[in-house]
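Visitor: Before I ask anything, here is the structure I am working with.
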Amino acid sequence: MELIIKNDKELRDYMPNAMVTVGSEVKLYDKLLPWLTDAQQWLEDTLLPHDMLGEVPESAHLVACEAFRMAVPRLDVVLTPNGFATAGSDRLVAASSQRTERLLASLMTERDMLIDTVLHRAPKIKGWAESEPGRFFAATLFNDLSVVWKCGITKCIWEKYLELRHKIMDVEYTLAEQWMSQELMQHLRNASCSNSLSARETVLLHAVRTQIINVLTGNSVSESRMADIVQYIRTNPEDFPMWHSSATAQLFSPPVFRNKKSAPGYFF
């Protein structure tokens with residue numbers, strides 16, 4: 001694998017507080033090389049295919065951050081008054097568990113912010129929406145990490161996104177069956193992931209996302225708001241033709257009343 005961070009100097013651009021290597025000490029780059037490889041592989045498998053890494057400037061920073069985060073528990077990395085360092089010399093002592101935990105937490109927070117940045121840039125890259133990562137994020141209406149923050153979660157954002165994703169898919173399926181139609185729901189997912197939403201589709205997306213977040217935070221879907229959403233779709237048939245031709249649309253067709261002379265309450 002060709003790494004996007006190729007040497008110690010490039011690595012230190014993203015870790016400016018790491019102590020300088022002196023004498024015969026192993027370079028920081030060489031120490032982190034296994035984790036740099038793993039971090040880049042994770043990035044390529046999860047967020048950006050290899051040939052698109054150069055399209056997002058934050059890619060290298062994310063690889064460095066994730067590699068260091070993975071390496072900390074194994075390298076006995078400590079935080080000194082002068083910056084990060086690796087324990088193992090007479091001048092340093094191992095950091096306390098509390099200090100190491102704070103370091104890991106800060107790295108995780110930085111990683112999550114970089115992931116979110118990548119996910120905001122990725123839909124603008126030609127071909128990303130059709131890639132494996134693109135299809136993964138197009139599986140729900142939330143193709144970035146904003147849903148996690150909107151649910152009031154402030155830690156372990158990436159991990160929480162993966163947990164919420166399965167719940168989101170269940171809620172979306174139910175809303176599609178009862179109100180939106182599977183066809184329109186999938187269209188919104190694809191358009192959002194490919195950064196090609198029209199103005200009316202954007203309004204619809206925000207309204208449906210709000211109902212999903214209500215469910216994720218322990219509330220119920222508002223039937224009155226969903227009825228408003230359906231009315232919005234019905235009154236704009238040129239923008240949502242896939243809904244009007246769906247089986248779900250038949251659920252909202254005006255009922256036809258027929259009187260029987262033999263039935264009680266018959267009227268002319």
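Visitor: Name the residues in the range 141-194 that are β-branched (V, I, T) and either under 22 Å from I233 (Cα atoms) or surrounded by 19 or more Cβ atoms within 10 Å (Cβ to Cβ) (or both), would you?
Guide: Matches in the range 141-194: V147, V148, I157, I168, V171, T174.
Visitor: What are the residues in the range 100-140 that are open to solvent by 50 Å² or more (accessible area, probe 1.4 Å) and outside any helix (DSSP H, G or I), if any?
Guide: Passing the criteria: only K126.
Visitor: Within the range 28-40, is even one residue modelled with pLDDT of 95 or more and either open to solvent by 80 Å² or more (accessible area, probe 1.4 Å) or not in a helix (DSSP H, G or I) (or both)?
Guide: Yes, the conditions are met somewhere in the range 28-40.
Visitor: Residue under question is L48, and the condition is that it be at pLDDT 70 or above, open to solvent by less than 60 Å² (accessible area, probe 1.4 Å) and touching a strand residue (DSSP E or B) at 6+ places or on another chain (Cβ under 7 Å); does it hold? Let's see the steps before the verdict.
Guide: Numbers: at pLDDT 70 or above: yes; open to solvent by less than 60 Å² (accessible area, probe 1.4 Å): yes; touching a strand residue (DSSP E or B) at 6+ places or on another chain (Cβ under 7 Å): no.
The answer is no for L48.
Rundown of residues vs (1) in contact with a strand residue (DSSP E or B) (Cβ under 8 Å, 6 or more places away or on another chain); (2) assigned to a helix (DSSP H, G or I); (3) loosely packed, with under 15 Cβ neighbours inside 10 Å, yes/no style:
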position	(1), (2), (3)
L204	no, yes, no
T210	no, yes, yes
S224	no, yes, yes
P237	no, no, yes
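Visitor: Name the residues in the range 141-194 that are part of a helix (DSSP H, G or I), aromatic (F, W, Y) and within 28 Å of P241 (Cα to Cα), would you?
Guide: Filtering the range 141-194 for residues part of a helix (DSSP H, G or I) gives 146-150, 157-180, 182-193.
After this cut, where a residue has to be aromatic (F, W, Y) as well, the list is 149, 158, 161, 173, 179.
Within the range 141-194, Y173, W179 qualify.
Visitor: What residue, among those in the range 51-99 that are in contact with a helix residue (DSSP H, G or I) (Cβ under 6 Å, 6 or more places away or on another chain) and modelled with pLDDT under 65, is least open to solvent (accessible area, probe 1.4 Å)?
Guide: Out of the qualifying residues, it is T86.
Visitor: Looking at the range 119-147, I want the residues that are in contact (Cβ under 8 Å) with a residue 24 or more places away in the chain and have a partner that is of a type in the set (D, E) with Cβ atoms under 7 Å, at least 6 apart or on another chain. Which pairs are those?
Guide: Going by the 7 Å Cβ cut-off, the qualifying pairs are L119/D144; H120/D144; I125/E55; T140/E172; L141/E172; D144/D116; L145/D112; L145/D116.
The values are calculated or read from the model by the stated rules, or taken from the named source; none is laboratory data. Computed from a prediction, not measured in an experiment: that's the story for all the values here. Glycine gets a Cβ as well: all are built from the backbone with ideal geometry, and neighbour counts include every protein chain shown. Areas reflect the complete protein model, heavy atoms only, side chains present, ligands, DNA and RNA absent. Shrake-Rupley method; radii C 1.70, N 1.55, O 1.52, S 1.80 Å.
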